[in-house]
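First up is the structure itself, then whatever we jot down about it.
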Amino acid sequence: QKEVEQNSGPLSVPEGAIASLNCTYSDRGSQSFFWYRQYSGKSPELIMFIYSNGDKEDGRFTAQLNKASQYVSLLIRDSQPSDSATYLCAVKSPSGGGADGLTFGKGTHLIIQP
Amino acid sequence: DGGITQSPKYLFRKEGQNVTLSCEQNLNHDAMYWYRQDPGQGLRLIYYSQIVNDFQKGDIAEGYSVSREKKESFPLTVTSAQKNPTAFYLCASSDFPGIGYTFGSGTRLTVV
């Protein structure tokens with residue numbers, strides 16, 4: 001059973017600070033890792049993906065992957081109130097045997113306090 | 001503009017009734033997916049399809065059925081066998097094998 005674990009929160013961060021969101025996964029063969037942002041009542045939107053160990057930066061967002069520890073994180077620098085949302089971690093495992101879809105965590109609810 | 005269109009946005013189902021949720025994409029993506037989201041829960045995979053006329057069960061397929069007669073369309077039927085259908089349903093598509101999914105805006109289904 002593939003599992004993706006996230007702290008449900010809420011995680012409260014002051015405006016302008018760094019928000020750190022964490023995710024662990026159980027399938028050591030997982031290859032691709034995604035972060036989605038979901039506003040209340042809306043559908044998820046992709047904000048970052050990462051395949052290789054290390055850091056990947058895109059604007060205020062940095063994804064970090066450590067396959068040995070089965071850990072992926074998302075850092076949001078200079079947090080803004082508009083960043084307040086639920087952040088979903090998703091993991092893709094190799095095809096073959098079982099569902100070939102992304103496995104999602106339950107999400108972390110992030111609140112940026114003005 | 002390319003994207004995924006889900007309809008209707010809100011749907012009400014009576015006990016014992018089958019209902020069909022529509023999902024259409026013009027992204028020319030090969031793979032399409034249906035997910036269910038319950039409050040405070042992550043997305044759970046219902047069905048997926050990688051090519052036309054082929055689809056596979058996901059983790060929670062019982063009480064649901066799909067078809068993939070055209071590349072652009074992947075409708076989901078919620079049957080009367082699904083005892084707890086109230087949820088937010090999301091359709092997604094990706095290039096195969098895909099670097100990430102594009103989601104539709106979702107259908108919120110309520111049993112009345």
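Just so it is clear, none of the values below were taken in a lab; they were calculated from the coordinates. Predicted, not measured: the structure shown is a model, and the values here were computed from it. Here Cβ is always computed from backbone atoms with ideal geometry, including for glycine, and neighbour counts include all displayed protein chains.
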Exercise for review: Would you mind calculating the gained length between A:Asn66 and A:Ser40 on full extension (0.36 nm times residue separation, minus the Cα-Cα distance), in nm to one decimal?
Suggested key: 6.4 nm
Point to revise | Hz values of 3J(HN,Hα) by residue in the stretch B:68-83 - Karplus curve (6.51, -1.76, 1.60), Gly and Pro given as x | key: 9, 7, 10, 4, 7, 10, 8, x, 10, 9, 9, 8, 5, 6, 7, 7
Point to revise | Averaged over A:26-36, number of beta-carbon atoms from partner chains that fall within 10 Å | key: 1
Practice item. Please arrange A:Leu11, B:Leu43, A:Leu74 by counting, for each residue, the other beta carbons lying within 10 Å of its beta carbon, fewest first. Key: A:Leu11, A:Leu74, B:Leu43
Review point. Order of A:Glu57, B:Glu24 from fewest to most other C-beta atoms within 10 Å?
Key: A:Glu57, B:Glu24
Study note, to complete from the structure: Hits in the stretch B:57-87: amide N under 14 Å from the 7 Å Cα→Cβ extension of A:Lys2, namely B:57-60
Check your understanding: Separation between the A:Ser12 and B:Lys70 pseudo-spin-labels, each 7 Å from Cα along Cα→Cβ, expressed in nm?
Key -> 5.1
**Study point:** Taking the C-alpha atoms of the stretch A:2-53, convex hull volume expressed per residue in Å³
**Key:** 122
Check your understanding: Residues with amide H under 5 Å of A:Ser26's amide H, sequence separation 5 or more or different chain, H placed in the peptide plane at 1.01 Å from N; which?
Key -> A:Glu3
Practice item. State, as an integer percentage, the relative contact order of chain B based on alpha-carbon contacts under 8 Å between residues 6 or more apart. Key: 35
Review point. Relative contact order, percent, of chain A when contacts are C-alpha pairs under 8 Å separated by at least 6 residues?
Key: 38
Check your understanding: On alpha-carbon atoms, Rg over Rh for chain B using Kirkwood Rh?
Key -> 0.94
Review point. Relative to the Cα centre, what is the charge dipole magnitude of the stretch B:47-112, using +1 at the beta carbon of each Lys and Arg, -1 at the beta carbon of each Asp and Glu, and rounding to the nearest 20 debye?
Key: 160
Review point. Short version: ³J(HN,Hα) in whole Hz for each residue of the stretch A:4-11, in order, from phi by Karplus 6.51 cos²θ - 1.76 cosθ + 1.60 (θ = phi - 60°), x for Gly and Pro, what are they?
Key: 10, 10, 9, 6, 6, x, x, 9
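How shielded is A:101-111 by partner chains, expressed as the average number of their Cβ atoms within 10 Å of its Cβ atoms?
Shielding by partners across A:101-111 averages 5.
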Review point. In sequence order, what are the phi-derived ³J(HN,Hα) couplings for the stretch A:70-78 according to the Karplus relation 6.51 cos²θ - 1.76 cosθ + 1.60 with θ = phi - 60°, rounded to whole Hz, with x for glycine and proline?
Key: 6, 9, 9, 9, 10, 10, 10, 8, 6
Review point. What is the distance in Å between the Cα centres of the stretch A:1-59 and the stretch B:47-112?
Key: 23
Check your understanding: What distance in nm separates the simple spin-label points at A:Arg28 and B:Asn26, each placed 7 Å from Cα in the Cβ direction?
Key -> 4.8
